[in-house]
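What follows draws every value from the coordinates through simple rules; no lab data is involved. Note that the structure is predicted; figures quoted are calculated from it, not measured. Note that each Cβ is placed from the backbone with ideal geometry, even for glycine, and that neighbours are counted across all protein chains shown.
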Amino acid sequence: DWTMNAYKDDAIDKIRKQVGDGKVICGLSGGVDSSVTAVLIHEAIGDQLTCVFVDHGFMRSGEADQVVTLFRDHYNIPLVHVDASDTFIGAIEGETDPEVKRKTIGRLFIEVFEQEAKKIGGADFLAQGTLYPDVIESVSFTGGPSVTIKSHHNVGGLPERMNMKLVEPLRELFKDEVRDLGRELGLPDSFVGRHPFPGPGLAIRIPGQPITREKLDVLRKADAIYLEEIRNAGLYDAIWQAFAVLLPVRTVGVMGDGRTYDYACALRAVTSTDGMTADFFPFPPELLGRIANRIINEVNGINRVTYDFTSKPPGTIEWE
Ligand code: XMP
């Protein structure tokens, strides 16, 4: 694509001008945005870039391995893998307020990046895959009064005092443009086509209740089954984003000849072009039935599955 090729060259130029001979740290989340940011910056400044993958314990199943493999083996980009799950889970255990969770996670991310920066003798810049919609939505809601809907950890969630300056080469782009740029940079299609995944991860998909490792495990299992079924049905690419949410309510069920009293989960799937508006995805009911059955049978701790029919607006895509 000619336009994206020109955009890429221009972006590389700007990064070189901004960074000079400084050192850059880039947080990788496994998502498209941070991956494209990292590969772009690596093209611009090579080994002045160090990538850091922070496992905060709120990742989906298999995610950490996929990221490490892609970057180390495929791209040969230096990558530090930090297991900080004890710190992150410890910090928000018992916290139920969505904004407090987001801000705490944002602050801890920066602390980890600053520690890693020290280890490489200091870094001058922190790179982030902030997109245009992230900027808009963290600042104000389209058409309305200036009000924060959510502090995306990579925009409004940053601490005021930070030693590093930001490099955000995707700040003017929408998701579909980032995907084009990713293809231009040679990222595999399987990666470029991935559904978005929020920085705070599963921590914002366990609303209204204290987060524990057990609950994270339960959610991870349900989420994996849901996505496996969506892939098997050939629907992954037709959906902008799909995920499970663990609800803070227990309900009565019956299994075999016993009573169950377990948690309910909600399934969310939406179509969208930029994440700013979205419609619920109209699954065939049989497929939803099969997914519900599998989750209830295979995941200990869930005995009821519901589907979220809310569009955005008035809902948001994530529940928190
Ligand atoms: P909402 O829930 O605001 O989400 O409708 C819009 C899109 O943004 C993703 N999202 C995030 N991405 N950091 C991110 O990098 C965040 O803190 C964050 N919060 C939400 C969300 O998954 C959806 O694709």
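Quick notes
- Anchor LYS175: lysines whose Cα lies under 20 Å away (excluding residues fewer than 8 positions away in-chain): LYS8, LYS150, LYS312
- Estimated [θ] at 222 nm from DSSP helical runs (n ≥ 4, -39500 (n - 2.57)) normalised by residues in the chain, nearest 500: -12000 deg cm²/dmol
- Max mean-square fluctuation residue, GNM over the chain, Cα-Cα springs under 10 Å, options VAL82, VAL254, VAL245: VAL254
- Label-zone membership for segment 195-223, site ARG250, 7 angstrom Cα→C-beta point, backbone N under 20 Å: 206-222
- The Cα-based radius of gyration and maximum Cα-Cα distance (Dmax) for segment 188-320 are 14.8, 49 Å.
- Angle between the chain longest axis and helix 213-232 axis [Cα atoms, degrees, rounded to 10]: 90
- The distance separating the Cα centre of segment 175-197 from that of segment 219-276 comes to 25 Å.
- For segment 205-307, relative contact order (Cα pairs under 8 Å, six or more residues apart, normalised by length) works out to 28 percent.
- Relative contact order (%) - criterion: Cα under 8 Å, at least six apart; region: segment 2-192: 26
- Positive minus negative residues near PHE53 (Lys, Arg vs Asp, Glu; Cβ under 12 Å): -4
- Here the Gaussian network model covers the chain, with springs between Cα atoms less than 10 Å apart; of LEU267, LEU216, LEU235, LEU235 fluctuates the most.
- Distance between the modelled labels on ASN163 and ARG290, one decimal in nanometres: 5.3 nm (7 Å Cα→Cβ projection).
- Debye, to nearest 20: dipole size of the chain, +1 on Lys, Arg Cβ, -1 on Asp, Glu Cβ: 560
- The chain, relative contact order in percent, only Cα pairs under 8 angstrom and at least six apart counted: 17
- At R0 = 30 Å, FRET efficiency that the Cβ-Cβ distance of ILE239 and ARG16 yields, to 0.05: 0.20
- Neighbour net charge for VAL80 - beta-carbon separation under 9 angstrom, K R +1, D E -1: 0
- Sequence-distant lysines (8 or more away, or on other chains) whose Cα lies within less than 16 Å of LYS119: LYS23
- Length released on extending from ASP9 to VAL80, taking residue separation times 0.36 nm less the Cα-Cα span: 22.8 nm
- When the chain is treated as a Gaussian network with alpha carbon springs shorter than 10 Å, the biggest mean-square fluctuation among ILE120, ILE12, ILE25 belongs to ILE120.
- Förster-model FRET efficiency, 45 Å R0, ARG72 and VAL100, C-beta, rounded to 0.05: 0.85
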